[in-house]
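Read the structure below first, then the notes.
The values are calculated or read from the model by the stated rules, or taken from the named source; none is laboratory data. Predicted model, so just to flag it, every value in this text is computed and none were measured. Cβ sites come from the backbone with ideal geometry, for glycine too, and all protein chains shown count toward neighbours.
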Amino acid sequence: MALDSKIPQGPLADKWTNYKNEINLVNPANKRLIDVIVVGTGLAGGSAAATLAELGYNVKAFCFQDSPRRAHSIAAQGGINAAKNYQGDGDSTYRLFYDTVKGGDYRSREANVYRLAEVSANIIDQCVAQGVPFARDYGGLLDNRSFGGVLVSRTFYAKGQTGQQLLLGAYSAMNRQIGRGKIKMYNRHEMLDIVKVDGKARGIITRNLITGEIERHSAHAVVLGTGGYGNVFYLSTNAMGSNVTAAWKAHKRGAYFANPCYTQIHPTCIPVSGDHQSKLTLMSESLRNDGRIWVPAKKEDAIAIREGRLKPTEIKEEDRDYYLERRYPAFGNLVPRDVASRAAKERCDAGFGVNKTGEAVYLDFASAIQRYGKEQAYVRHLDANDAALVKKLGQEVVKTKYGNLFQMYEKIVDQDPYNTPMMIYPAVHYTMGGLWVDYNLQTSVEGLYAIGEANFSDHGANRLGASALMQGLADGYFVLPYTIGHYLSNDIRTGPISTDSKEFEEAEQNVRKQVGALINNNGSKPVDYFHKKLGKIMWNKCGMSRNATDLTEAIEEISALRKEFYNEVRVPGGEDEYNEELAKALRVADFLELGELFAKDALTRNESCGGHFREESVELDGPQKGEALRDDENFTFVSAWEYKGEPKDAVLHKEELIYENIELKQRSYK
Amino acid sequence: MKLTLKIWRQKNAQAKGQMVTYPIDGIDGDMSFLEMMDVLNNELINKGEEPVVFDHDCREGICGSCSMFINGEAHGPDRLVTTCQLHMRKFKDGDTITIEPWRAAGFPVIKDLMVDRSSFDRIQHAGGFISINTSGNTQDANAIPIEKIDADAAFDAATCIGCGACVASCKNSSAMLFVSAKVSQFALLPQGQVEATDRVLNMVKQMDEEGFGNCTNTGACEVECPKGISLENIARMNREYLAASLKG
């Protein structure tokens, strides 16, 4: 099948408006005859379910958590971007579009990104109308802050809990529709297969996690808002339950998987403390507004710190290496995430890392505390030369800005970040890759849609901070409800979809077979053993820095691990009850396939772009020496993989990326 | 660290549960409480026994899934944290730790330490929203300025994670702190005024139907709340309720 992105004709700025004017609509009476399934209730799924129900469709929504409010969008901290230009600092739809394409290292689709920037302002209006309590200034108007990789303040926020507030907004919109009976909510249900009838997605098979019941659900269209697959690395900032299963089952039923190797490794996370570690905790990017990142300039100091003989506060200013400020004077500590992460790894690999493990760098607030303290002393007419007073005043300011993050750090690490620098290290955070979708957000399976992090379309090879929330809500509130209507206008005479067909029977048996095989396996090793092992392979060979030898090995090792999994995994308990080990086994089975495709994709893309860094593709000389080198001539395309049985047999389809409005340039932050 | 764990085990909602004792060794102070439970569960699996079931997901204190009653306190001995953020350094070598599920009529046990909190969702369905449809034509977000002090107070109320610690800590199993947090968020904002009367009446009615008890102002909920939701919200909800009842 040829890839048709279905981008509307016409000038960039008019595409979405023209598209909306030309699509077919479904009249209100007919909407009542149409069912839509939405899987996942995060920002994308939740907002889509609520909006589709408001329009009059019958929505069935599914989540694996005990309530839609617990989807992992809840954990997003820093903020949401929107081109409102409330600060009058020169922001516009075009600038947000431009920053996003550049930040994504010129590997995203122009038309989709422009539409995202265009609807971004509507999101803020909608959320405020719902009662989302964004931060405000003393005049009562909305406040903004700045994020990495941009030169304007366009980020709206609610302290360090923006994701929570936005998700609770979408949840409240869902609740209104659940109360009216327009959304039927299925909590603690996991989607385990897609059902296709005559080539169209017409339903799903789910497992009720409490009773173990395998259920059939039909609809006229299926929407996946099931998030990213960062947990393929085992350790990530994702929730424990975040998984690729829904997207992977869709892939197995014909949906192409795009750019699986594009992973965002976030520079500021709390470092791993030991083998017991089950997940990693992010420290918001907003901290880089005031924190300075450094490591000891002398190797012997780094060693002394690792051995506990020296404290960071004892290292003199001239013996510190503020390596981001040194390497990137223009953007300094606010370079984009991929650049900051690689720079931290470079220093630690060179032997300058701190923490017991040598895998951490410092994020230091001492100079911000000084700066704010002095300012406060002047404002309050106090003695600006009193060091203790200045420190106290400065700490108070830092506390009002980042108090909840500092508290979180202190609880986890047991150190006081007001008095000693934080230790941070990069960790897997977000996946830009996902199911391939066209301009309508439809996958390569008719009637199957993917929204939010589950699709691939808007962030290219690297996502900018505060853009994930924007994309999830844009897709769910403002894009999908239009595009899916156009598709469903052909279904007004179809009538209810029966679940008694042979297709539903086949899909259900497929699920039962898989569940039965795992339960009766009688192996000797718990699921976590395999998941951790997969994570190690991914982190060491498909992580921040990749090369052909490692990737080739990773493909072999993951394939072997998958075989071992099916022979050796032990799943205790039964299938007709709550069984977390069974749920985990089903998810890890899919990660073991995805991981291999991930490595294959990374091997195929022999260029460095965004979060994907190939050691074979770096600038060899000039001012950019050592920086990532893109290969536009050979790789300006989306890799969309078609499932053919084993991941190693997947077939590559290329969607050429055409830039009509932006000139491709070296992404310099020097 | 060497510890003795006494854990509530209950096969399903119908079965009778009991406390079961498990010794555990090799626990590091840097582990979170749930990572300690992971160690126990992997030991149980290796012995061919069934692991202990508990709710958990984000493990960073925001999703509200985890819900353990540890040594008689919701989310354990530390303040302003959920169980997933509680670290083992808060315990000593040789300690005995008692772990139970939330206990309340509104939260029936599903299995072991996992309870059914769908009653909280149903209370939200009854009125925890502002009736505004999605459109690209909603008025501009800055059209209604909101005083910072009100916006901040609304935010503080809105940070409730819906974990249920308030109910578990209350001798009456009252859900007043949870319900009042949502009522307060909207009561403090101009957007919430239009439906204020129906909202508070309907949410309180649903709360009562779900079997939650009444508030007798002991304040245990506020002490144990991992997000520091204030009792002021209950007072505000009582005022809203009185005003709504007089109107209705």
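Being within 14 Å of A:M174 (Cβ to Cβ) and free of Cβ contacts under 8 Å to residues at least 40 places away in the same chain is a description that does not apply to A:R32. Selection of region B:143-160 for residues being of a type outside the set (S, T, N, Q) and facing chain A (nearest Cβ under 7 Å) yields B:P145, B:I146, B:E147, B:K148, B:A151, B:A154, B:F155, B:A158.
Test of understanding: among A:E593, A:E615, A:E575, A:E568, which residue is of a type in the set (D, E), surrounded by fewer than 24 Cβ atoms within 10 Å (Cβ to Cβ), in contact with a Phe, Trp or Tyr (Cβ under 7 Å, 6 or more places away or on another chain) and touching a residue at least 40 places away in the same chain (Cβ under 8 Å)? Exactly one of A:E593, A:E615, A:E575, A:E568 is of a type in the set (D, E), surrounded by fewer than 24 Cβ atoms within 10 Å (Cβ to Cβ), in contact with a Phe, Trp or Tyr (Cβ under 7 Å, 6 or more places away or on another chain) and touching a residue at least 40 places away in the same chain (Cβ under 8 Å), namely A:E593. From the list B:T159, B:T138, the lone residue that is outside the structural domain of B:R59 (by TED's automatic domain parsing) and modelled with pLDDT under 95 is B:T138. Taking every residue in region A:304-320 that is touching a residue at least 12 places away in the same chain (Cβ under 8 Å) and closer than 14 Å to A:A360 by Cα and pairing it with any residue that is part of a strand (DSSP E or B) and of a type in the set (F, W, Y), at least 6 positions away or on another chain, the pairs with Cβ-Cβ distances below 8 Å are A:P312/A:Y362. In region B:44-79, which residue that is touching a Pro at 6+ places or on another chain (Cβ under 6 Å) and either on the phi > 0 side of the Ramachandran plot or more than 7 Å from chain A (Cβ to nearest Cβ) (or both) is surrounded by the most Cβ atoms within 10 Å (Cβ to Cβ)? The residue in question is B:H75.
Residue-level check: of (1) crowded, with 17+ Cβ neighbours inside 10 Å; (2) facing chain A (nearest Cβ under 8 Å), B:D140 misses just (1). Residues in region A:44-80 that are at pLDDT 95 or above, under 20 Å from B:C58 (Cα atoms) and away from chain B (no Cβ under 13 Å): A:A44, A:G45, A:F62.
Checking each residue in region B:171-225 for being more than 24 Å from B:K148 (Cα to Cα), among the small types (G, A, S) and not in a strand (DSSP E or B) picks out B:S173, B:A175, B:G211, B:G219, B:A220. Is it fair to say A:Y402 is part of a helix (DSSP H, G or I) and either within 25 Å of the chain's Cα centre (by Cα) or surrounded by 22 or more Cβ atoms within 10 Å (Cβ to Cβ) (or both)? When the stated conditions are applied, A:Y402 passes them.
Pairs meeting the criteria (first residue in region B:138-150 and closer than 26 Å to A:F478 by Cα, second residue β-branched (V, I, T) and surrounded by 14 or more Cβ atoms within 10 Å (Cβ to Cβ), beta carbons under 6 Å, at least 6 apart or on different chains) are B:A141/A:I124; B:A141/A:V128.
I need a count of the residues in region A:133-142 that are surrounded by 20 or more Cβ atoms within 10 Å (Cβ to Cβ) and within 24 Å of A:H266 (Cβ to Cβ). Here the count works out to 1. If the condition is being of a type in the set (A, V, I, L, M) and in a helix (DSSP H, G or I), then region A:449-464 contributes only A:A454.
Okay, residues lined up against (1) touching a strand residue (DSSP E or B) at 6+ places or on another chain (Cβ under 9 Å); (2) assigned by TED's automatic domain parsing to the domain that holds A:E581; (3) assigned to a strand (DSSP E or B):
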{"site": "A:G140", "(1), (2), (3)": "no, no, no"}
{"site": "A:F147", "(1), (2), (3)": "yes, no, no"}
{"site": "A:V150", "(1), (2), (3)": "yes, no, no"}
{"site": "A:Q164", "(1), (2), (3)": "yes, no, no"}
{"site": "A:L167", "(1), (2), (3)": "no, no, no"}
{"site": "A:I178", "(1), (2), (3)": "yes, no, no"}
{"site": "A:G203", "(1), (2), (3)": "yes, no, yes"}
{"site": "A:V222", "(1), (2), (3)": "yes, no, yes"}
{"site": "A:A239", "(1), (2), (3)": "no, no, no"}
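For region A:570-589, a residue qualifies if it is within 16 Å of A:D528 (Cβ to Cβ) and under 29 Å from the mean Cα position of the chain (by Cα), and the qualifying residues are A:N579, A:E580, A:E581, A:L582, A:A583, A:K584, A:A585, A:L586, A:R587, A:V588, A:A589. Failed condition for A:E581, given (1) away from chain B (no Cβ under 14 Å); (2) out of contact with any Ser or Thr (no Cβ under 7 Å at 6 or more places or on another chain); (3) among the acidic types (D, E), with all others met? Of everything listed in (1) away from chain B (no Cβ under 14 Å); (2) out of contact with any Ser or Thr (no Cβ under 7 Å at 6 or more places or on another chain); (3) among the acidic types (D, E), A:E581 misses just condition (1). Among the residues making up region A:206-246, those that are within 19 Å of the chain's Cα centre (by Cα) and under 25 Å from A:N490 (Cβ atoms) are A:V223, A:L224, A:G225, A:A246.
Tell me whether region A:465-475 contains one or more residues that are within 14 Å of chain B (Cβ to nearest Cβ), among the charged types (D, E, K, R) and either surrounded by 24 or more Cβ atoms within 10 Å (Cβ to Cβ) or within 29 Å of A:Y106 (Cβ to Cβ) (or both). Looking for residues that are within 14 Å of chain B (Cβ to nearest Cβ), among the charged types (D, E, K, R) and either surrounded by 24 or more Cβ atoms within 10 Å (Cβ to Cβ) or within 29 Å of A:Y106 (Cβ to Cβ) (or both), one finds at least one in region A:465-475, hence yes. Is one or more of the residues making up region A:103-119 touching a Cys at 6+ places or on another chain (Cβ under 7 Å) and either in contact (Cβ under 8 Å) with a residue 24 or more places away in the chain or at positive phi (or both)? Among the residues of region A:103-119, at least one is touching a Cys at 6+ places or on another chain (Cβ under 7 Å) and either in contact (Cβ under 8 Å) with a residue 24 or more places away in the chain or at positive phi (or both), which makes the answer yes. Hey, among the residues in region B:1-18 that are surrounded by fewer than 16 Cβ atoms within 10 Å (Cβ to Cβ) and farther than 17 Å from B:P108 by Cα, which one's nearest to the other protein chains (Cβ to nearest Cβ)? Only one residue fits best here, namely B:K2.
Within region A:81-132, the only residue that satisfies the criterion of being assigned to a helix (DSSP H, G or I), basic (K, R) and within 14 Å of another protein chain (Cβ to nearest Cβ) is A:R115.
For region A:133-177, the tally of residues that are at the interface with chain B (Cβ under 8 Å from one of its Cβ atoms) and of a type in the set (D, E) stands at 1.
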